[in-house]
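Reading through the structure tokens given below for one structure.
Every read-out reported here was derived from the displayed coordinates using simple, explicitly stated rules and does not represent laboratory data. Since we're looking at a predicted model, the values are computed, not measured. Cβ atoms come from the backbone with ideal geometry, glycine included; neighbour counts cover every protein chain shown.
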Amino acid sequence: STKAVILVGGPSRGTRFRPLSLDVPKPLFEVAGHPIIHHCLKAVAKVDDVREVILVGYYDESVFRDFIKDASKEFPQLRILYLREYTALGTAGGLYHFRDAILKGKPERLLVLNADVCCSFPLGEMMRLFDEKDAEAVILGTRVSNETATNFGCIVSDSHTKRVLHYVEKPESHISNLINCGVYLFATECIFPAIRSAIKRRTTRPRLLSYPSSDNLESSFIATGDDEDAAKSEVLRLEQDILSDLADSNRFFVHETKDFWRQIKTAGSAVPANALYLQKAFQAESTELTPPSATIVPPVYIHPTATVDPTAKLGPNVSIGPRVVVGAGARIKDSIVLEDAEIRHDACVMHSIIGWSSRVGAWARVEGTPIPVGSHSTSIVKQGIKVQSITILGKECGVGDEVRVQNCVCLPYKELKRDVSNEVIM
Ligand code: GDD
Ligand code: GTP
């Protein structure tokens, strides 16, 4: 059988997802009407021989309780559980710490998914490649531009055999534009020994101080908290400590997806993730979506408890959350409107996220600038200049009537009474 682990991280991560992660843990943030991890879980549920999914992270025990209760009803064939790391153990450290629970029932294969990616999760294709090659590991890869590739794990492969020849996590200079999507399939009989030998190696050979961290800007030669933790505790990363070894084994393969893939790091990246999942649901003719009409440009998701005036025009790529109220003549495009928010009459919302219980006044304009397709930027500030182009209103913000808000990030509980652009409002 196959087991699945979804790496959900913990509250010290996802700070780039602020201000939205101030109110909800990133994995539970809703895009296209469902929490980010629901999209991962739904893909896992389609794999025939998966009976158990383990969320591994270091959030409080209570964080995923309701989600798991609901998901267990929706996917009755799955046993879903959350295992909490007492501290961040790293992407491989968590797996190793919970190896007994993971290996219970003797699964032959282990699927591992990063929770913070948005893609079509072609797990069936990965399983087929795994069987066909009698692999030890299969990684999902995608092509990105040469400029952005070094922000990710880079894979050098033999295009003919699909074998992974080299793997380097966030290299200093270009080695490949085929990158790690954060989705893996491992043979259980080899991933745990591989982690064990990484641990052995570490204890026999002291670590270098200049350990490249996941942040390739400010990593080398500075002993950050991360490095100290790694040195003294069990922090082990699949990417840095395990995958390059697996490449030496000759039984590590890559499935290259041509379908969509995005990372969900910054709060703004929820907007393209929302669009991609809505488009996927639309192609699958999902009945969850609102049918097209004169005022609905698909794909649009409206929660059943929302009230949308029939003269408001919505779409494409719009998600409207529970109990949201949208007034007459409002226009909403490429945006996420969260629970209990209100968009008053004739307001316009584009390329934006409207936070929980926020109000956008009559004739107001809240707009961002679209993130170019194919851009995989993960930072909000580059060389001191704000590059975040999606407008985000945190929880309970208010935009006055006729006020224009352009390319802004607004922390919770702010009242915007005057026009603002290109600002972080704190
Ligand atoms: N349980 C647990 N414990 N989860 C963790 C921990 C941990 O200590 N650290 C990270 N995670 C989870 C995060 O929540 C996320 O889902 C995933 O593991 C990877 O997060 P990062 O470690 O921040 O890596 P990254 O996102 O910068 O890069 C990874 O993903 C890219 C694709 O999105 C790498 O795998 C890259 O190679 C890859 O390209
Ligand atoms: P996610 O956004 O969920 O991946 O969490 P993150 O920790 O990657 O992002 P966050 O916005 O919290 O951190 C900003 C940058 O700092 C990211 O590029 C991180 O890789 C990096 N970072 C976070 N924590 C540490 C740490 O303890 N040490 C080092 N060296 N870098 C860190």
Heads up, the stretch 29-109 by the C-alpha gyration tensor (a ≥ b ≥ c square roots of eigenvalues; a/c under 1.5 rounded, else a/b over b/c prolate, else oblate) looks oblate
The stretch 242-270 scanned against label point 7 Å out from GLN283 along Cα→C-beta; backbone N under 20 Å for 255-264, 270
The helix 123-133 Cα axis meets the longest alpha-carbon principal axis of the chain at an angle in degrees, between 0 and 90 and rounded to 10, of 20 degrees
Computed for the stretch 92-173: size of charge dipole around the Cα centre, +1 on C-beta of each Lys and Arg, -1 on C-beta of each Asp and Glu, debye to nearest 20, value 200 debye
With +1 on the Cβ of every Lys and Arg and -1 on the Cβ of every Asp and Glu, the dipole magnitude of the chain about its Cα centre, in debye rounded to the nearest 20, is 160 debye
Between the modelled labels at LEU103 and ILE199 (7 Å from Cα along Cα→Cβ) the distance in nm is 1.0 nm
Taking every DSSP bridge whose two residues both lie in the chain, the antiparallel percent to the nearest 5 is 30 percent
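Report the rotationally averaged projected area of the chain based on its alpha-carbon convex hull, in square nanometres. Mind dumping the intermediate values first?
Values: hull surface 79.8 nm².
Result: 20.0 nm².
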With 0.36 nm assigned to each residue of separation and the Cα-Cα distance removed, GLU415 to GLU172 gains 83.2 nm
A correct Karplus calculation of ³J(HN,Hα) over the stretch 235-251, with 6.51 cos²θ - 1.76 cosθ + 1.60, θ = phi - 60°, whole Hz and x for Gly and Pro, returns 4, 9, 10, 3, 5, 7, 9, 10, 5, 5, 5, 4, 4, 6, 7, 6, 10
Listed by chain and number, the residues whose amide H is under 5 Å from that of GLU415, excluding neighbours fewer than 5 places away on the same chain and using placed H, are GLY398
Note on the stretch 231-297: alpha-carbon gyration tensor, axes a ≥ b ≥ c; rule is a/c under 1.5 for rounded, else prolate if a/b larger than b/c, else oblate; result prolate
The answer for the longest stretch of the chain without any exposed chymotrypsin sites (Phe, Trp or Tyr not before Pro) (DSSP loop, at most 14 further Cβ atoms within 10 Å) is 222-412
Row for the stretch 259-375, column shape: gyration tensor on C-alpha, a ≥ b ≥ c, rounded if a/c < 1.5 i.e. under 1.5, prolate if a/b over b/c, else oblate; value oblate
Between THR15 and GLU189, the two model label points (7 Å from Cα along the beta-carbon direction) sit apart by a distance in nm of 4.4 nm
Any lysines whose Cα falls less than 28 Å from that of LYS73, other than same-chain ones fewer than 8 residues away, would be LYS3, LYS26, LYS42, LYS46, LYS104, LYS106, LYS280
The simple spin-label model distance between ARG79 and GLU132, using points 7 Å out along Cα→Cβ, in nm, is 3.3 nm
Contour minus Cα-Cα span, ARG65 to ARG323, at 0.36 nm per residue, comes to 90.6 nm
With the dipole of the chain defined by +1 on each Lys or Arg Cβ and -1 on each Asp or Glu Cβ, the option from GLY394, CYS348, VAL5 whose Cα lies farthest towards the positive pole is VAL5
What helix-only [θ] at 222 nm does the chain give? Using -39500 (n - 2.57) per DSSP H run of at least 4, over all residues, to the nearest 500, the answer is -6000 deg cm²/dmol
Sorted by chain and number, the residues with a modelled amide H under 5 Å from that of ILE302, at a separation of 5 or more or across chains, are THR290, ILE320
Long-range amide H partners of THR369, meaning residues 5 or more apart or on another chain whose placed amide H is closer than 5 Å, are ILE390, THR391, ASN407
